[in-house]
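Where a number appears in this text, it was derived from the coordinates with a stated rule and is not lab data. Please read all numbers here as calculations on a predicted model, not as lab measurements. Heads up, the Cβs are rebuilt from the backbone with ideal geometry, glycines too, and the neighbour counts pull from every protein chain shown.
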């Protein structure tokens, strides 16, 4: 998808990215409160739950970004639930791109607003965020789309813990892909706005050639599998375009085993569009 035919022509005329760029930089599993950070220090490695407690990124089917804020007059960042499985999603992407997870992943308290703003993000081919995507009104005083990052009290930095649309517009990128693996990242900036006018468009103007965004709440396990599969397919076939890699990953999810228990038995299939249809490429899907 592109905002206009003129935008597609502009993208096709862009020079190739600088060859010396690194493969990936990624931010995920932020801590939204001191309690979450303390629990993470004590917790065992994250395990996928059984079908009765399916880990998702937020409510019915407890999807990734439905943080139960309805009726809250003064919601704060600390009310957002932590998404520990997003760390595994980003690790899988790093391995698919043959990048060292220890060097390219900013997780937990390191996934913060200060780190994002202090880094020269123009030196990376792929920029990935795996966290809550918020739309105006979901937090008290939030008037524009934003990505939720770790609470400033944990990172020692200024700011509000939110990477907003206006802040993204001021970035300088040279990315082939920006992956926004969070719900509502394709949502419009306001009522009636087209989907590409939210966070996706902000990254588009900041200097990326393509974005992978989601248009509604996503289920965590299937999100991890689909996004990782996209990059694995491109890594295995250098001629594969972004659009074709996404199409193949979607069809593989439709035809695949779905959500399985420890014995490999399928608890439910991923064939329903709920699991694979929210993903959209904004920008140029015809090139790597």
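Here the residues 222, 263, ranked from fewest to most Cβ neighbours within 10 Å of their Cβ, fall in the order 263, 222.
Peptides 252-261, 141-150 ranked from most to least packed, by the mean per-residue count of other Cβ atoms within 10 Å: 141-150, 252-261. Legend: ranking of residues 22, 155 from fewest to most surrounding C-beta atoms inside 10 Å; resulting order 22, 155. Using the average count of surrounding beta-carbon atoms within 10 Å as a protection proxy, the listed peptides 241-248, 33-40 rank, highest first, as 241-248, 33-40. Cα centroids of region 207-261 and region 2-36: 16 Å apart.
Paramagnetic label reach from residue 254 (point 7 Å along Cα→Cβ; backbone nitrogen cut-off under 15 Å): within region 201-219, no residues. Using 1/(1 + (r/R0)^6) with R0 = 35 angstrom and r between the beta carbons of residue 42 and residue 235, what's the FRET efficiency to the nearest 0.05? For R0 = 35 Å, the calculated efficiency reads 0.50. Using a 10 Å cut-off around each Cβ, can you sort 114, 238 from fewest to most neighbouring Cβ atoms? Fewest-to-most Cβ neighbours within 10 Å comes out as 238, 114.
Between the beta carbons of residue 20 and residue 143, assuming R0 = 41 Å, the FRET efficiency works out to 0.60 to the nearest 0.05.
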